[in-house]
Number of protein chains: 2
Amino acid sequence: MTDEFTRIAKYFAPLAGEAGRGLLDDAAVLTPPPGREIVLTVDQMLESIHFLPNDPPDLIARKLLRRNLSDLAAMGATPLSYLLTTALPPHIGESWLAAFAEGLAQDQEAYKIHLIGGDSSSSQQHISLTATLIGHVAPGGALGRNGAKAGDEIWVTGTIGDAALGLRARRGQLTDETGFLTQRSLLPSPRIGLALAGIANAAIDISDGLLQDLGHICKASGLAATIHAALVPASPEAAAFGDAFLEARLTDGDDYELLLAVPPANAAPLRAACGHLQVSKIGNFDNGPPEIKILDEFGRLKTFSKQGWQHF
Amino acid sequence: MTDEFTRIAKYFAPLAGEAGRGLLDDAAVLTPPPGREIVLTVDQMLESIHFLPNDPPDLIARKLLRRNLSDLAAMGATPLSYLLTTALPPHIGESWLAAFAEGLAQDQEAYKIHLIGGDSSSSQQHISLTATLIGHVAPGGALGRNGAKAGDEIWVTGTIGDAALGLRARRGQLTDETGFLTQRSLLPSPRIGLALAGIANAAIDISDGLLQDLGHICKASGLAATIHAALVPASPEAAAFGDAFLEARLTDGDDYELLLAVPPANAAPLRAACGHLQVSKIGNFDNGPPEIKILDEFGRLKTFSKQGWQHF
C-alpha cells in the first residue's frame, strides 16, 4: 500500500476544490455564499455494518456522499463541498483506491461539490469512512423535524422499501431479476434540489426506515401519525412481492427518500416542486402522543415487531 | 448498552449549542459570523492506533477535540463549534459514555465551542471517533503551509518531544516520575488564540513529528530548511534524558505545538503575540530542494533513520 501522503497526492488532491487549497493545509477555508446560512452534516460508513466487504469501491464512495447529500436534501440545503476521513486496513491496494476515488469524482460532478479537506489513517482490519458535507440555505429556510402541524399530510418521494429488498437480494434471500432493487440498495438517489421551503412544514430523509423516521418527526413535533399501508408507494419490482416483505419495506432503512409534513393546501405546489419525481400522500399527522398507527386497506390496525433500524 | 437515540438524548444533546437544534435534525445550521471566512478541519482517533484501549475516556474526548483545535490554531482560526462521529463496540457501557461526555463538556467550556451535530453508529470491535471542527478567520487571514520565504526563521511554540517520551512512559519503556510527560502525551494544549496573522508567513501544527511537519512546509513552500538540534526546546523532564531520545523527540508526533516561518524582523512581535507561552527559534529556511539538515552543537550534520510518523 502507498504511504499516506502519496495516497493523498495521487487519489484525493485531484478531487480538491479551491477551498481545499490542494489538501496541503491543516484545514480548509470556505467563503460562505453571501447572505446564506451554512448547513453541516456528517455520516460514517463502516465495513460489515454499512456496506459489505466486497461491494464495489466506487459505489461505496458514491453512497457515502449520497447518504450525506440526502441529509442536506432533508434540510432543503444546496450542497457545496465536503471533507473526507478514511481509515484503511493494510490489505487495501491501489485498485481499490483508484475505484473509490473514481466514484467520488463521478458524484462530485453529478452534485457539483468538491473535496476540501479530510484525514487519512490506517486501521487494523476494517474500512471506516466518514464524510462531512457542507451546504447552504436561505436564512431561516432550513427544514426541520419539529415543524409538523396537526392536519398536515404525510408525503413521501419516490418508492419505499426498494433498498430493504435489495439488501435481501444481495444476501441471497430473494431474487432480483432486473437488478433494480440491488441498485437501489447500493446507490441511493438523494432528493437534492427540490424547492420545499414554504411548502413543507417538516422534513426528514428515510435512512433508518419509514416508521422510525416518521417517529422522529412525531416526537420532535409532538404529534401522532396515521399511515395507510396500501398508499405507501412501491416500485413495480417491489410490488411483485405483494405484502410478503411489507414490514421490511416500512421498517428497514437506506431508501433515502424524503418524508414530508405538508399542509393540505400545499399538495399542488408540492407536486409542482417535485416535477417528474413521484410524490405520494400516505397519511396524516394528528394531535396526540407521538405514536404511529398503520392501517390496512380495510382500515384495520396493523402491528409490526420493530419500527426501524437502531445502532446499538 | 443504551440504544442510539437514548444515548444521543442522554449524553450528547446536553452538549449541543443553538446551531445543533437539539441534535434533532438531519444537519446543523450555522450562521457564519459576518464578514469572516469559515475554517473546517476533521481528525479521527481510532482505538489501538491513536489511543490505548484503557486510556481514560474523558482524556480521549478532550484529545480528540484538541487535535482538531490544534489544526485550527495552525490556520490562525478562532474555534466555533464541532460535529462528532462515534462508532462504539457493544462492550462500551454507561460509565465510559458518561466520562467521555464529561470530557467533551470540559473542553467545550475551555475553548468556548459547542456540539452542533454528528453521527452515532455501532462498530464490531474497536472504538472509532471523528470530530469536524469549525472555526473562522478574517478574509485572507488563514495561515497556510506554502507561504514560507527563504531567510524566514523557523520557530516553535512550547517544548518538543514530551509526547514522544510520554508515550514511551505509558508503554513502560521509561520512567516518568512527575507524570508530566504522560500528561503531555494524553492531553495536548492546542495553541489557540495567538494573533499570528501578519507575523508568520506559514504555520503547521506538529502532529506527525517536527521533522515531518517541517518537511510539509518545505515542500509546500519550495524551500530547504536547517535546524540546530541543540536549539529544539526541551522541557526539564525531557532534558533529563539528555540526547538518549533525541531522534524520537524530533520525529514522533502528538506534541501539537506550532511550527512557524517568521521573517527575522518579526521576532519581537512573535514573542509579544505568544505572551507567556515559550517560543524558540530553531533554524532557518533557505533556497534549495525541500530537504532538512539537522546540525549538532558543533555544526556537524546529523542523520536519523526516519522523519516522522506516517500511516503506511
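Derivation of every value follows stated rules applied to the coordinates shown; laboratory data play no part. This one's a predicted model, so the numbers in the text were calculated from it and none came from an experiment. Positions of Cβ are generated from backbone atoms using ideal geometry, with glycine treated the same way; all protein chains shown enter the neighbour counts.
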Residue of B:Ala230, B:Ala163, B:Ala268 that the Gaussian network model of chain B assigns the largest fluctuation, springs spanning Cα pairs under 10 Å: B:Ala268
The range B:205-312 shape via C-alpha gyration tensor axes, a/c threshold 1.5: rounded
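Can you sort A:His228, B:His50 from fewest to most other Cβ atoms within 10 Å of each residue's own Cβ? Mind dumping the intermediate values first?
Details: A:His228 18, B:His50 21.
In increasing order of surrounding Cβ atoms, one gets A:His228, B:His50.
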Exam field: A:Leu52 pseudo-label spacings to other copies (7 Å along Cα-Cβ), nanometres: 4.0
Shape parameters for the range B:223-268, alpha-carbon atoms, Rg then Dmax in Å: 12.8, 35
Fraction of antiparallel bridges per DSSP, the range A:153-302 only, in percent to nearest 5: 85
For A:Gln125, label point 7 Å along C-beta direction: distances to other copies, nm: 0.2
Diffusion coefficient, µm² s⁻¹, Stokes-Einstein with Kirkwood Rh over alpha-carbon pairs of the protein assembly as shown at 10 °C and 1.306 mPa s: 62
Whole-Å distance, taken between Cα centres, linking the range A:160-197 and the range B:54-92: 35
Karplus-derived 3J(HN,Hα), 6.51/-1.76/1.60, for each residue of the range A:225-233, Hz, glycine and proline x: 9, 10, 10, 9, 3, 5, 8, 5, x
Given charges at beta-carbon only (K, R positive; D, E negative), |dipole| of the range A:218-311 in Debye: 300
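How crowded by other chains is B:129-140, given as the mean number of beta carbons from other chains within 10 Å of each beta carbon?
Details: counts 1, 11, 4, 12, 1, 6, 2, 3, 2, 0, 2, 2.
Taking all residues of B:129-140 together, the mean is 4.
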Charge dipole (debye, nearest 20) of the range B:4-137; +1 at Cβ of Lys and Arg, -1 at Cβ of Asp and Glu: 200
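How would you classify chain A from its alpha-carbon gyration tensor, with a ≥ b ≥ c the square roots of the eigenvalues: rounded for a/c under 1.5, else prolate if a/b is greater than b/c, otherwise oblate?
Working: a/c = 2.27, a/b = 1.43, b/c = 1.59.
The shape class here is oblate.
Does the range B:110-203 classify as rounded, prolate or oblate by the C-alpha gyration tensor (a ≥ b ≥ c root eigenvalues; a/c under 1.5 gives rounded; else a/b over b/c gives prolate, otherwise oblate)?
On the way: a/c = 2.33, a/b = 1.20, b/c = 1.95.
Oblate is the answer for the range B:110-203, as a/c is 1.5 or above yet b/c matches or exceeds a/b.
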Radius 13 Å from Cβ of B:Thr132, net charge of other residues (Lys, Arg +1; Asp, Glu -1): -4
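Among the DSSP beta bridges whose two residues both lie in the protein assembly as shown, what percent are antiparallel, rounded to the nearest 5?
Values: 82 of 110 bridges.
Taking every DSSP beta bridge within the protein assembly as shown, about 75 percent pair in antiparallel fashion.
Quick one: net charge around B:His228, please, counting Lys, Arg +1 and Asp, Glu -1 for every other residue with C-beta under 12 Å from its C-beta. The partial results should precede the final answer.
On the way: positive: B:Lys281, B:Lys293, B:Arg300, B:Lys302; negative: B:Glu153, B:Asp296, B:Glu297.
Neighbour charge sum, excluding B:His228 itself: +1.
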Footprinting exposure proxy for B:Ile292, A:Ile204 (fewest neighbouring C-beta atoms within 10 Å first): B:Ile292, A:Ile204
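In the range B:218-312, what trypsin sites (Lys or Arg not before Pro) fall in a loop by DSSP, with at most 11 other Cβ atoms inside 10 Å?
Answer in residue order: B:Arg300.
Based solely on its DSSP helices, what 222 nm [θ] is calculated for chain A when runs of n ≥ 4 H residues each add -39,500 (n - 2.57) and the sum is averaged over all residues, nearest 500 deg cm²/dmol?
On the way: 9 runs with 86 residues, N = 312.
Here the helix-only value at 222 nm equals -8000 deg cm²/dmol.
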Förster radius 35 Å - calculated FRET efficiency between B:Lys10 and A:Gln124, Cβ distance, rounded to 0.05: 0.75
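Less than 13 Å Cβ to Cβ from B:Ala9, Lys/Arg counted +1 and Asp/Glu -1: what total charge do the surrounding residues give? Walk me through the intermediate numbers first.
On the way: positive: A:Lys219, B:Arg7, B:Lys10; negative: B:Asp3, B:Glu4.
Result for the local shell: +1.
Hey, got the dipole for the protein assembly as shown? About the Cα centre, +1 on K and R Cβ, -1 on D and E Cβ, debye to the nearest 20?
Values: 48 positive and 70 negative charges, 135 e Å.
Result for the protein assembly as shown is approximately 640 debye, rounded to the nearest 20.
Using Cβ contacts closer than 10 Å as the measure, can you line up B:Thr6, B:Thr251, B:Thr303 from fewest to most? Please list the in-between numbers first.
Values: B:Thr6 11, B:Thr251 20, B:Thr303 7.
Going from least to most buried by this count: B:Thr303, B:Thr6, B:Thr251.
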Nm distances between copies for A:Pro236, ranked from closest, using label points 7 Å along Cα→Cβ: 8.2
Entries in B:Lys63/B:Lys219; A:Lys10/B:Lys10; A:Lys10/A:Lys112; B:Lys149/B:Lys302; A:Lys112/B:Lys219 that, when Cα-Cα distance is taken, lie over 32 Å: A:Lys10/B:Lys10
Considering only chain A, percent of DSSP beta bridges that pair antiparallel, nearest 5: 75
